[in-house]
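Right, one structure below, let's go through it.
The values are calculated or read from the model by the stated rules, or taken from the named source; none is laboratory data. Everything quoted here is computed from the prediction, not taken from an experiment. Cβ placement follows ideal geometry from the backbone for every residue including glycine, while neighbour counts extend to all protein chains displayed.
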Amino acid sequence: MATVGEICGVLREIAPLELAESWDNVGLLLGDESAEVRRLMTCLTLTEDVAAEAIEGAVELVVSHHPIFFRPVKRLTSGDAEGRTVLSLLRGGVAVYSAHTAFDSAPAGINQQLAGLLELSGIRVLRVLAGVGAGGGRFGELRESVGVREFAKRVGAVLGASGVQVVSGGRAVRRVGVACGAAAEYMRDAVACGCDTLVTGEARFHAALEARSLGINLILVGHYASERGGVEDLARQLGVRLAGVECFASRRESDPLFCADVGEAE
């Protein structure tokens, strides 16, 4: 068994908070550091149903990738989903920690995991943070060049994506950048690092147009598919390091998006 504060220390070792983006809200966001933890659950996003899962399962600490209180909170009531979620967690005595972009950029964080899953070699940081040495995104090389459509199918299969969107930059795939979540902002970093392809979760329409004009392939696997595996791996990492604490990823969480065959009637 460990306390919330002790587990926060382990989480800071896994994902140092100085790696987080300046706009992010990371660390212990709800709860008492002195409280004891026997059960810990990780999740991508703390929705009402995931919070209910934590309470029903007697979880004392949720490590949510996406932070609660992402924007300034002026009131906390049952009148909206976040308010209901937080109030239920408070009543249930559940603490909440978020590492978010710190875990994205951590040495063994989500982007490093993605690069490994895609079997990239010579993996390096895509955007180095000044004074830290680490940073956001990763890039590396495939063993051999492959067509963009074939590579997109491979990425989708590896990540269990329900669908993959592709912008063709007119080039074969060999040097690949990865940046989880909504990270088309890393496109120019990828170009500067000589990448012909960037894999991310989602992007706006104008980012897709920019990719085409820059001549870089853009592969969009979905926000959930790009990050859920990292959440599951974090539960495994914590389970190894925390004796006497049962650590698991939410079993109720699912991707809110799915691909429909518009050619078929219901």
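Overview of results
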read-out: Total residues in the stretch 183-229, condition aliphatic (A, V, I, L, M), part of a loop (DSSP other than H, G, I, E, B) and surrounded by 23 or more Cβ atoms within 10 Å (Cβ to Cβ); value: 2
read-out: Boolean, residue 55 is surrounded by 15 or more Cβ atoms within 10 Å (Cβ to Cβ), over 21 Å from the mean Cα position of the chain (by Cα), assigned by TED's automatic domain parsing to the domain that holds residue 18 and hydrophobic (A, V, I, L, M, F, W, C); value: yes
read-out: Leading residue by the ranking (surrounded by the most Cβ atoms within 10 Å (Cβ to Cβ)) among those in the stretch 132-160 that are among the aliphatic types (A, V, I, L, M) and within 12 Å of residue 114 (Cβ to Cβ); value: 155
read-out: Residue list for the stretch 1-27, filter: closer than 30 Å to residue 127 by Cβ and in a helix (DSSP H, G or I); value: 7, 8, 9, 10, 11, 12, 13, 14, 17, 18, 19
read-out: Residues (in contact (Cβ under 8 Å) with a residue 40 or more places away in the chain and either of a type in the set (Gly, Ala, Ser) or not in a loop (DSSP other than H, G, I, E, B) (or both)) located in the stretch 244-256; value: 244, 246, 247, 248, 249, 250
read-out: Search result, residues across the stretch 28-72 that are aliphatic (A, V, I, L, M), in a loop (DSSP other than H, G, I, E, B) and touching a residue at least 60 places away in the same chain (Cβ under 8 Å); value: 35, 44
